[in-house]
Amino acid sequence: MSLRIFINGTLYDKENAKISVYDHGLLYGDGVFEGIRAYGGKVFRLHEHLIRLWNSAKAICLSIPMSLAEMEKAIYDTLAANDLKDAYVRLVVTRGAGSLGLDPNRTSDPQVIIITDKIVMYPEEYYQNGLSIVTASTIRNHPAALSPRIKSLNYLNNIMAKIEGLQAGCVEALMLNHKGEIAECTGDNIFLVRGGDVLTPPIDAGILEGVTREAVIELARTDNLIVREIALTRHDVYIADECFLTGTAAEVIPVVKVDNRPIGDGKPGAITRELIRKFRELTRA
Ligand code: PMP
């Protein structure tokens, strides 16, 4: 049976799930998206993801043609139509088909797309041994150009950084902000551990407000760890005891080398391993 895709209220077979080549989502990257996960039939932090989607849409003056409750129902209906319990959920809202000019007023019908599919996970070996990453020369979007808090269909700056990472043989790359501070990775937030404290760049470092980031901050605080959201530089990364990334797909994943320098003793640290365990417990409960 073919995978069923939701577009504006109708479920289509994957082969027939299509939108117009005049859609400004395609022509200009004019739209927003979300990446979410379902564990055992329950969508993880769905409300938080929907709020982020609605906020992203609001920030680009795009009105999502359904309510939060309708979207929630549509997600569960699409998962059920595909008989999926552990899944990746991709929400896309485009500006809709329009003229060949930029003017969003000359578009109609924003397209609401829900793709639910099997989740492609990083190999377990990455969690056991940790990742090696490099700093990309491509910086994160300057907040005055396009806020990194908007999860828009314009991911080119992250893709450029991802290419730099891949060219260096790494699956992730570290991105700095316009001030040269640590921002985040191409599709994950970053954390450091120093002297037993957990450190991560603040939202105003120009990052996406990761849902996993927030969940991990809560887990660490429940564990009586001190979590500080502070401006960090590459120097802080190089002298950190531990480093890990968080994201919907990756969950919590250790980093053991940055720019070819070992972090701490070059092995996933104790606090990182404990947070991986706690996060798995939280999502698989
Ligand atoms: N930063 C960026 C740039 C991302 O694209 C993502 C993944 N959506 C994240 C961080 C992690 O966010 P989340 O935990 O909500 O998946």
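The values are calculated or read from the model by the stated rules, or taken from the named source; none is laboratory data. Predicted model, so just to flag it, every value in this text is computed and none were measured. As a convention, Cβ positions derive from the backbone with ideal geometry for all residues, glycine included, and neighbour counts pool all protein chains shown.
In the set (1) of a type in the set (Gly, Ala, Ser); (2) away from the ligand (no atom under 16 Å from the Cβ); (3) modelled with pLDDT of 95 or more, Ser108 fails one condition alone, (3).
Residue by residue, here is whether (1) within 16 Å of the ligand (Cβ to nearest atom); (2) over 24 Å from Ser56 (Cα atoms) holds:
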| position | (1), (2) |
| --- | --- |
| Asp103 | no, no |
| Ile115 | yes, no |
| Lys118 | no, yes |
| Glu124 | no, yes |
| Ile133 | yes, yes |
| Ile139 | yes, no |
| Arg149 | yes, no |
| Gly165 | yes, yes |
| Leu176 | yes, no |
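Within the stretch 239-272, the set of residues being of a type in the set (A, V, I, L, M) and more than 25 Å from the chain's Cα centre (by Cα) comprises Ile239 only. For the stretch 153-167, does any single residue satisfy the condition of being over 22 Å from Val92 (Cβ atoms), under 15 Å from the mean Cα position of the chain (by Cα) and modelled with pLDDT of 95 or more? No, the conditions are met nowhere in the stretch 153-167.
Among the residues of the stretch 208-237, those that are more than 29 Å from Ile51 (Cβ to Cβ) and in contact with an Asp or Glu (Cβ under 8 Å, 6 or more places away or on another chain) comprise Thr233, Arg234. Among the residues of the stretch 61-80, at least one is basic (Lys, Arg) and free of Cβ contacts under 8 Å to residues at least 40 places away in the same chain.
Residues checked against (1) surrounded by 14 or more Cβ atoms within 10 Å (Cβ to Cβ); (2) under 19 Å from Val211 (Cα atoms); (3) not β-branched (Val, Ile, Thr):
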residue	(1), (2), (3)
Ala57	yes, yes, yes
Leu68	yes, yes, yes
Val92	yes, yes, no
Ala97	yes, no, yes
Glu124	no, no, yes
Gly130	yes, no, yes
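Taken over the stretch 176-223, the criterion of being of a type outside the set (A, V, I, L, M, F, W, C) and assigned to a strand (DSSP E or B) is satisfied by Glu184, Asn189, Arg194, Asp197, Thr200.
Taken over the stretch 187-204, the criterion of being within 12 Å of the ligand (Cβ to nearest atom) and either farther than 17 Å from Arg140 by Cβ or surrounded by fewer than 23 Cβ atoms within 10 Å (Cβ to Cβ) (or both) is satisfied by Gly187, Ile203. Ser137 - would you say it is surrounded by fewer than 19 Cβ atoms within 10 Å (Cβ to Cβ), modelled with pLDDT of 95 or more, outside any helix (DSSP H, G or I) and not assigned by TED's automatic domain parsing to the domain that holds Gly96? Spelling it out, Ser137 is indeed surrounded by fewer than 19 Cβ atoms within 10 Å (Cβ to Cβ), modelled with pLDDT of 95 or more, outside any helix (DSSP H, G or I) and not assigned by TED's automatic domain parsing to the domain that holds Gly96.
If you take the residues of the stretch 227-249 that are within 16 Å of the ligand (Cβ to nearest atom) and among the polar types (S, T, N, Q), which of them is surrounded by the most Cβ atoms within 10 Å (Cβ to Cβ)? Ranking the candidates gives Thr246 first. Which members of the stretch 26-77 meet the condition of being among the basic types (Lys, Arg), in a helix (DSSP H, G or I) and away from the ligand (no atom under 16 Å from the Cβ)? Selection gives Lys58, Lys73. Have a look at Glu209, Glu172 and point out the one that is within 11 Å of the ligand (Cβ to nearest atom) and touching a Cys at 6+ places or on another chain (Cβ under 8 Å). On inspection, the qualifying residue turns out to be Glu172.
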